[in-house]
Each structure stands twice: as C-alpha cells, then as structure tokens.
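The values are calculated or read from the model by the stated rules, or taken from the named source; none is laboratory data. Owing to the predicted nature of the structure, the values given are computational and were not obtained by experimental measurement. So basically every Cβ, Gly included, is an ideal-geometry build from the backbone, and we count neighbours across all protein chains shown. Remember, those area values only see protein heavy atoms, side chains included, never the ligands or the DNA or RNA. Shrake-Rupley method; radii C 1.70, N 1.55, O 1.52, S 1.80 Å.
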Amino acid sequence: MSTRILTGITTSGIPHLGNYAGAIQPAIQMSRQTGNDAFFFMADYHALVKCDDPERVARSRQALAATWLAAGLDTDKATFYRQSDIPEIPELNWILSCVTSKGLMNRAHAYKAAQDQNAAKGIELDDGVTMGLYCYPVLMSADILIFNANKVPVGRDQVQHLEMARDIAQRFNHMYGETFVLPEVQIAENVAILPGLDGRKMSKSYDNTIPLFESSEAELKAAIMRIVTDSRQPGEPKDAESSMIFQIYKGFASDAQTTALKAELERGMGWGDAKNALFTLLNDHLAPMRDRYQDLLSRPDDIEDILLAGAAKARQHTEPLMERVRDAVGLRKAKRVAVSAPAEKKAARKGRFVSFREEEGFRFRLLDAAGTELLVSEVFADPRQAGMAQKALAALNSRNQFEVAGDEALVVVEGAKVASLPAAELDALLETLEGMRAE
Ligand code: TRP
C-alpha cells in the first residue's frame, strides 16, 4: 500500500526562495520516492481569506503553478490541481461544518490571534474577522479528508489545523460510520528553514525575502547583497553558523561545499566574497528553472491544460468518496431510493430473524424493524431446533410469557432457555413480534 501524501500552498503571493527550500523542493522530492502517492494543490479558496485583491490572487495562482512545474514536479506521477477546480471540496466543507463544534473553531490559533490583536487595540473582539477566517480549519480538513490522505507535510504553524482535521474526521466517522482516514502531520525535520535578509524567518510579511524565479539574475544578486552581516572586516575570522549568508548557502550546497565555505569564513573571508559565493551557488541552481518558469508563464493555455488534467485526475478520487459521504448523511440520489424502495420498505418495516452458524452450533438473532438487534439466541445443536425456537418465540404476545429475573427477561420454551434480553426491552420485543405477525 502506498502512502498518500498531500499538501497545499495558499495562492496569496509570489513564491520566494524560502517557500521553495522549505516546502516546494522537499515536496517534489517526496513525490519521487517510491511508495508515495503525492497530491499537491494550490489553495486558492484559502487565498480569499487573506487577500481581497483579485489581480493578486489570479497572478499568484499562475506563478505557483509555473513554480511547481519549473521546479520539476512530474504531473504524470503526482496529482497537481487547483482547490477551486474540485467542487467536492466546498461540498464536503459544508457537511464537515455541520459536524464541527463551534468551540473547536474558537480555539484556532489564527482566530485567537486576530482577537488578541483587537483586544490590544481596545476594539470589538471579532472586528474584521470573517467567517472564512473563522472556519478556515474546516475547509482545510475538507482538502485533506476528501483524498483520504495519510500524511500531510506542513510547517509547524499548521500542526493545530491537522489536529482539528483529525478531530473532525473522527467525529464524522463516529456519527456516520467509518468514512475518513485520520491524517497525520509530517513536520519535515531536515528541511532548510531559511533566514531572511534581516535574520528573521524569510517571509513576505517581513519584506526580507530573496526572490525565486520572478526576478532577473541582477535582482537576485541585489537581494543577496542586502543580507545583513556583522561589521567584521575581510581578514577577521568569522562565525559561519551565525551568518545568514552561510545558513542560506547550507540549504543548497553539498556537504563538501558547506565545509569549505565555513573554513574560509573562519580564515577571514570577507562578507562580500561570501555573498558572491552564495550568488554563484544559487544562480547555478535556479537559472535553468528560471528559464523554464518564464517559458511556462508565456504559455498560459498550456498551464491551464495541465491543471485541468490534474483536476480530472483528482476528481477520480473525490467523486466516489463524496458519493459515499452523501450516502452516509442521507443525501441519497432520489432515483436510487425509488428503485430500491418497494423491496427495502417491506423488509425494513418488520422485524426479522437472522440465523447463523458458529463452531458450537446454530443461533439466530432477532432484529427490529430498524435493523437493531433485540436478542441473540442460545446455541442449538441443529438448525431444526433453532427453527422451532424461532417459531415459539414468534408466537409470544404477552409479558407473562417471559420469566423475569431481576432486570433480565428469559424466553423459555418447553422448559429450555431459548434466549434472554434486558427486561426493559420486553415491550420493544413484543411490538416487533406483533409487527412480524401483522399482514
Ligand atoms: N493552510 C495552509 C498554509 O497556510 C495551506 C493549506 C490549505 C494546506 N489547505 C491545506 C496545507 C491542506 C496542507 C493541507 O500553509
């Protein structure tokens, strides 16, 4: 059995070097490993929570698609699609909303952070909080559960969302029967978390990013030249590990290259030279992908074809599962109900005996009209005896015909115990038997 891995990236910006090293590149590597069945998507519905600029969302979708493809994702192997091309996702989102307790969403970090900020400003706690933000974890659960994903590689900030997805899946399974796999979070251990130009985590919100494919060689170089360093001069020994230049270098270099740069810095290599070494390394790595990226972006129809093919592939999974979900909650196709209704109705309106065989002999169950078990008989040596006991049981029509001992009621036929049940259920039993005798 292969492991189904699934992850999504919100389409609210243009991917930078940190996104590539921390998420896209490791995901592509995972998709190449045998035994993995990879699903990667662009979370464009999620983008609407953060971003109300249509142009930006549209551009980000294109940029992200081209980035994954330019970075080498094999769309024959992995399933690559846009969230908004899969109608089963918003459909499941609604159904999951109906099993998710509001209290669970109250505890979501992103929502609490928004409230805390409002509290600090002394304004209404829910100011600026949309239902999209509030229910974000439900949509994310739908993304994951609709594919029955086993593993979800994400950053640490998403761990709580994965816990919520498991909670919601469990709740649904409990209410409606086993339907969803409980997904596991996968925090990449040896993935590079790149520092940004100023030493904080590389992030668009800090404006400290190194561009990936969107910018020219010259712009890449300019960004690298802006990396903050300490004031040590060329010739002075430097501590490699505390330098952002070295940290980023390490994310892309071989072990030998890393060791060599470290030694040179300790021997007094100037920061300018170190930046040049980083530029050369990065540019060699990125240049071929940058060309592919620009080429892809100039062929939007081809991107569209690839994404629509990906969506069709994805829906081979989401359609049948959604069918099961609809069935489970009672949203069945009218046609199917009509076809099976006459036969089903007759059988379902009455209780029935179900005989079965065990190692020690023969038994039967009595089910009520809804199919709930009322009792299981004792063991009979042969099926004829079991049949006679059924017949005797079927004729009972009054409480006096049972031997009640404490809260147990015994069914005794010709001095032999045939079955027992909780005395509290005698009325239900008699009603079922009555129903079975009725024409
Ligand atoms: N919330 C994720 C993020 O901001 C993106 C995302 C949406 C996602 N749906 C997902 C990630 C499903 C993994 C699985 O990074």
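What the table below lists for this structure:
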| item | result |
| --- | --- |
| Sequence-distant lysines (8 or more away, or on other chains) whose Cα lies within less than 29 Å of Lys313 | Lys50, Lys77, Lys151, Lys333, Lys335 |
| Å² per residue, accessible surface of the range 334-437 at 1.4 Å | 64 Å² |
| Helix-only CD estimate at 222 nm, as mean residue ellipticity for the chain, using -39500 (n - 2.57) per DSSP H run (n ≥ 4) | -15500 deg cm²/dmol |
| Angle between the chain longest axis and helix 159-176 axis [Cα atoms, degrees, rounded to 10] | 20 degrees |
| Size of charge dipole - the range 215-296 - debye, nearest 20, with Cβ of Lys, Arg +1 and Asp, Glu -1, no other charges | 100 debye |
| With every protein chain in place, the range 334-437: carbon and sulfur % of accessible area (1.4 Å) | 53 percent |
| Cα-based reach from Lys391 at 22 Å (exclusive), listing lysines while leaving out same-chain residues under 8 positions away | Lys346, Lys350, Lys417 |
| Per-selection Kirkwood Rh - the chain (Cα, Å, 1 d.p.) | 26.9 Å |
| Rh by Kirkwood over Cα pairs, then Stokes-Einstein D for the range 164-213 at 0.890 mPa s and 25 °C, µm²/s | 172 µm²/s |
| Theoretical gain in end-to-end length, Asn173 to Lys121 [0.36 nm per residue, Cα-Cα removed] | 14.6 nm |
| Sequence-separation-based contact order of the chain, relative, with Cα cut under 8 Å and 6+ spacing, percent | 13 percent |
| Modelled FRET efficiency - R0 56 Å, Arg267 with Lys77, Cβ distances, 0.05 increments | 0.80 |
| Distance (nanometres) between label positions extended 7 Å along Cα→Cβ at Glu241 and Ser398 | 9.0 nm |
| The range 20-75 - percent of accessible surface contributed by carbon and sulfur, probe 1.4 Å | 46 percent |
| DSSP-defined beta bridges in the chain - what % are antiparallel, rounded to 5 | 55 percent |
| Distance between the range 1-49 and the range 228-254 - C-alpha centres, whole angstrom | 30 Å |
| Computed Rg/Rh of the range 1-97, alpha carbon atoms with Kirkwood Rh | 0.98 |
| The range 334-437, dipole about Cα centre (Lys/Arg Cβ +1, Asp/Glu Cβ -1), debye to the nearest 20 | 840 debye |
| Inter-part distance where the range 392-416 and the range 78-150 are each reduced to a Cα centre, Å | 55 Å |
| Anchor Lys275: lysines whose Cα lies under 27 Å away (excluding residues fewer than 8 positions away in-chain) | Lys201, Lys204, Lys221, Lys238, Lys250, Lys262 |
| The range 215-296, accessible surface, carbon-and-sulfur percent (1.4 angstrom probe) | 50 percent |
| Note, ³J(HN,Hα) from phi for the range 35-41, Karplus 6.51, -1.76, 1.60, rounded to Hz, x at Gly and Pro | x, 9, 10, 9, 10, 10, 8 |
| Under-5 Å amide H pairs with Ala409, H placed in peptide plane, nonlocal only | Leu421, Ala423 |
| Angle between the chain longest axis and helix 255-266 axis [Cα atoms, degrees, rounded to 10] | 50 degrees |
| On Cα atoms only, tilt of 426-437 relative to the major axis of the chain in degrees | 70 degrees |
| Among 150-159, 39-48, 123-132, the order from most to least packed when residues are scored by Cβ within 10 Å on average | 39-48, 150-159, 123-132 |
| Distance (nanometres) between label positions extended 7 Å along Cα→Cβ at Asp198 and Glu319 | 5.0 nm |
| Rg and Dmax of the range 334-437, Cα atoms only, in Å | 15.0, 51 |
| Heavy-atom accessible area per residue - the range 215-296, 1.4 Å, Å² | 51 Å² |
| Assigned charges on the beta-carbon of Lys, Arg, Asp, Glu; the chain dipole about Cα centre (debye) | 560 debye |
| Equivalent ellipsoid dimensions for the range 215-296 as semi-axes, Å, which come from the Cα gyration tensor, largest first | 25, 14, 9 |
